[in-house]
Amino acid sequence: MHKATQTRRTNLSPRLYRMPPPMSEKDWQAQVVQLAGTFGWMVQHSRPAQVGDRWMTAITGNVGFPDLVLAHRTKGVIFAELKTETGRMATAQTDWRDTLASHVEWHLWRPSDLDAVMRRLSRAA
């Protein structure tokens, strides 16, 4: 008779799969800016500065303006609001969207939109 062959398993602790931390808006913006440069777009972004214990962006006009304005000689002009996967637009940002979107190309881009962003930045308007 044959003895039943048993496979001996070593005592392995279970491996835990950890999702990478969510991409911050700052990192997402850096990625979009880099892609825009790769495809020949000019980029405008107003950076906030810390004043005392507050962060402020020096502007004249209405708050909530889109994060990026991208311009290309042949591919057009894009106004882009960037958010994390769970980020929400403030009322002032939706006011800008509602005002701009019927007249210009306006996008809300999240990290999960990376493929769409690459397609848009690489193609003609």
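Below is a table of values for the structure above.
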{"item": "Accessible area per residue in Å² at 1.4 Å probe, computed on segment 58-114", "result": "59"}
{"item": "Burial ranking of peptide ranges 86-93, 109-116 (average Cβ count within 10 Å, highest at the top)", "result": "109-116, 86-93"}
{"item": "Estimated FRET transfer efficiency (VAL63, MET118; beta-carbon r; R0 30 Å; 0.05)", "result": "0.50"}
{"item": "Cα centroid of segment 27-41 to Cα centroid of segment 63-105, whole Å", "result": "15"}
{"item": "Shape category assigned to segment 42-104 from the gyration tensor of Cα positions, a/c cut at 1.5", "result": "prolate"}
{"item": "Sparse-neighbour loop sites [GluC sites (Glu not before Pro); segment 20-125; at most 13 other C-beta within 10 Å; DSSP]", "result": "GLU85"}
{"item": "Relative packing of peptides 69-76, 56-63 - highest average C-beta neighbours within 10 Å first", "result": "69-76, 56-63"}
{"item": "Net lengthening on full extension, ARG18/SER102 (0.36 nm per residue, minus Cα-Cα)", "result": "26.1 nm"}
{"item": "Accessible surface ranking that places the most exposed of THR94, THR99 first, with a 1.4 angstrom probe", "result": "THR99, THR94"}
{"item": "Those residues of segment 108-123 whose amide nitrogen sits under 20 Å from the label point placed on VAL77, 7 Å along Cα→Cβ", "result": "108-109, 120-123"}
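The values are calculated or read from the model by the stated rules, or taken from the named source; none is laboratory data. Predicted model only: the values in this text are computed from it and were never measured. Counting neighbours? That spans all protein chains shown, and the Cβs are built from the backbone with ideal geometry, glycine included. These area figures cover heavy atoms from the full protein model, side chains too; ligands, DNA and RNA do not enter into them. Shrake-Rupley method; radii C 1.70, N 1.55, O 1.52, S 1.80 Å.
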